[in-house]
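A short worksheet on the structure shown next.
The values are calculated or read from the model by the stated rules, or taken from the named source; none is laboratory data. Values in this document were obtained by computation on a predicted structure and should not be read as measured data. With ideal geometry, Cβ positions are generated from the backbone for all residues, glycine too; neighbour counts draw on all protein chains shown. Quick note on the areas: whole protein, heavy atoms, side chains included, nothing else; ligands and nucleic acids left out. Shrake-Rupley method; radii C 1.70, N 1.55, O 1.52, S 1.80 Å.
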Amino acid sequence: MTEPHVWRARSADLIPFATALGDAGFFRDRLTRQRNDQGVLFLAWVRARPAGAVYLWLEEAEEPPIRRHLPGVALLTHLQVLPELRNRGVGAALVGAVEAHLLEQGHERVALAVRTDNPAAARLYRRLGYRDWGHGTVICYAQLALPNGGVLEVPERCHVLVKDLAVVTPAPRGEPRAIGASSRY
């Protein structure tokens, strides 16, 4: 398989990705949020074909426990990969693009919520260095588009995972000296 190419969404990407992944309303909403600097929608292509998407939520978390324990932390949300392209590096490429973007913008941490009934996604995130946040599960709300154009909010029990992005490099040490030795400089 060819390596996935990942970039920020553009308006021209809306129709191919909405057709491939469904939920045109989601993609319209996220492009609008991106234009308003509330987040970034990343898209993955394999050859000339839409392969997956992920949204980087830069607003405060909607869930009170996440807001309380992770104030100001960006959230990786709504990772989708076409079923026939899963386990081929598309999801990892999308997550890597989000992390690289966050590092470029000076963020030191990222978080995400993964449904408790989605062990495959949890394995991917753990393999990529995400760890449990230590505050239990959280109820998140998925927004499902209805045929009549409405939106249904469905509660989902989720694990919250976090990853520290900044690499901490210890400061260089000077020459070792005996304790109590005087310095002559």
Original post:
What nm distance separates the two modelled labels at Arg10 and Glu153, each placed 7 Å from Cα along Cα→Cβ?
Top reply: 3.5 nm
Original post:
Given the protein chains as shown and a 1.4 Å probe, how many square angstrom of Arg8 are accessible, to the nearest 10?
Top reply: 110 Å²
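Tell me which GluC sites (Glu not before Pro) from the range 1-109 have a DSSP coil assignment and no more than 15 other beta carbons within 10 Å of their own.
In loop regions of the range 1-109 (DSSP not H, G, I, E or B), the sparsely surrounded GluC sites (Glu not before Pro) are Glu59, Glu60, Glu62, Glu108.
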Original post:
Hey, what did the range 123-167 get for relative contact order, percent, Cα under 8 Å, at least 6 apart?
Top reply: 42 percent
Subject >> Pairwise FRET efficiency - Ala142 versus Ala20, Cβ, R0 = 22 Å, nearest 0.05 >> reply: 0.70
**OP:** Starting from the Cα of His135, step 7 Å along the direction of its Cβ; do the same at Gln105; then give the gap between the two resulting points in nm.
**Re:** 2.0 nm
Original post:
Can you give the three extents of the C-alpha atoms in the range 1-62 along their principal axes, from longest to shortest, in whole Å?
Top reply: 37, 20, 18
Subject >> Entry for percent of Cα pairs over 25 Å apart (calculated from the structure that is shown) out of [x] 47; [y] 40; [z] 43 >> reply: [y]
